[in-house]
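Since the structure comes first, as structure tokens, the remarks are kept for the end.
Readers should treat all values here as calculations from the given coordinates under stated rules, not as data from a laboratory. Here the structure is a predicted model, which is why all the values come from computation and not from measurement. Neighbour counts are summed over all protein chains in view; Cβ atoms, including those assigned to glycine, are modelled from backbone coordinates with ideal geometry.
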Amino acid sequence: MVSDKPFGLSVRAVIFDKDGRCLLLKRSMRSRNYPGKWEFPGGKVDRGERFDDALLREVREETGLAGKLKCFIGAAKAEMPHVIAVQLVMEVEVAGVPVNSPEHEGSTWATPGEMLSMDIVDWVGPFVRKHLIGKSD
């Protein structure tokens, strides 16, 4: 199926703790897209920016943590009102305790199985089932 919407590139970080839980951030209720829903840290790739640089920048902006890319996990598609966002998801290793950014209202650690019962952004559930369930649960 051909879409009239343009495609955009977003990057997302799966950050595991020592217990196999993933860091999720709760979007601000003022967010234009997915207000109040849980998501992986990340965001848009700026024009001319390498996607790996964008991911580490987004992790730093949203959590206050410096990270190191470990591996590519998978990709997903998010239908937005004016764009189709292609999500590149990578595992990122960090050290320290995350802090909340103004874009988010909270953070939590959850196993992939626990994520499925949370109020998550729509593309996250299928992604978790396909790429994360059974890998750390």
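Some points to look at:
- For the chain, calculated [θ]222 nm from helices alone, where every DSSP H run of n ≥ 4 adds -39500 (n - 2.57): -5000 deg cm²/dmol
- Here the contact order of the chain, divided by its residue count and restricted to Cα pairs under 8 Å and six or more residues apart, works out to 31 percent.
- FRET efficiency for PHE72 and MET118, using Cβ-Cβ distance with R0 set to 22 Å, rounded to 0.05: 0.35
- Förster radius 30 Å - calculated FRET efficiency between ARG129 and ARG47 (Cβ-Cβ, nearest 0.05): 0.35
- Distance violations [Cα-Cα > 25 Å] among LYS18/LYS68; LYS44/LYS68; LYS5/LYS26: LYS5/LYS26
- Local electrostatic count, ALA13, Cβ distance below 12 Å [Lys/Arg +1, Asp/Glu -1]: -2
- Put simply, the amide H of ILE84, placed in the peptide plane, has neighbours under 5 Å in PHE7, GLY8, leaving out anything fewer than 5 places away on its chain.
- Placed amide H near GLY43: partners under 5 Å, 5+ positions off or other chain: VAL11
- Prolate/oblate/rounded call for the chain, Cα gyration tensor, a/c under 1.5 rounded: rounded
- Calculated FRET efficiency, MET80 to ASP19, Cβ-Cβ distance, R0 = 25 Å: about 0.15 to the nearest 0.05.
- Cβ charges +1 (Lys, Arg) and -1 (Asp, Glu), total dipole of region 44-137, debye: 380 debye
- Here the dipole of region 1-74 is about 200 debye; that uses its Cα centre as origin and unit charges on the Cβ of Lys and Arg (positive) and Asp and Glu (negative).
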